[in-house]
1. Taking neighbour counts of Cβ atoms within 10 Å as a proxy for exposure, in what order, fewest first, do 224, 239 appear?
2. If we sort 128-138, 31-41 on the protection proxy, mean other Cβ atoms within 10 Å, highest first, what's the order?
3. Dividing the convex hull volume of the Cα atoms of region 114-212 by its residue count, what figure in Å³ per residue is obtained?
């Protein structure tokens, strides 16, 4: 199966986006992690993040503009998301926005919005073929963690992306929003770390055993966590489905 990018959800007659980037840990056209996508809105200063095949869920940063002079950040379902979980949230009167964050300030008007952690132990056992639209970076080695960071900065030609103080930082992609604000995606490698325990020890479970039996034996999930510096963190994980009847 060849994986491209998250649906553009727009008309082909609309103008091209100012920035879009799909990326994963991988090599030789094979992805060993989830396939992530960052893209800018066409006509407003907003940035989005989503991952392939994990449902109609995205993270959004709305930057200030003339109409709305304040920042707005939220993570949750698409406004028209379909599926058992989204339907259950609506039925209970809950918000489709499930999390928020403040952004991690790193000086010179720049903020780290999202970090994505990929542990070596969480890599796919069966990699996916990807198109050349996906940027691949070397997967983490044993006892390593690959860390992607998505950063916003001011509309300044002399502004540069921030570097980690304790790891070699590499630039994966750079671009801008429609108002000129800078966007950078970087990556680095650190020592492996433990995934934090969920804050809710008794989460609500959706779905059925029958659905799990018909699902693949290897699944991808993204766990969401707050970070002490103000960014939102995603853990890109592999799940082994013990109930699956599929090889």
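1. 239, 224
2. 31-41, 128-138
3. Cα-based convex hull of region 114-212, divided per residue, equals 206 Å³.
No lab work stands behind these numbers, since they all come straight from the coordinates. If you're wondering where the values come from, they're calculated on a predicted model, not measured in any experiment. Every residue, glycine as well, gets a Cβ built from its backbone with ideal geometry; the counts of neighbours run over all protein chains shown.
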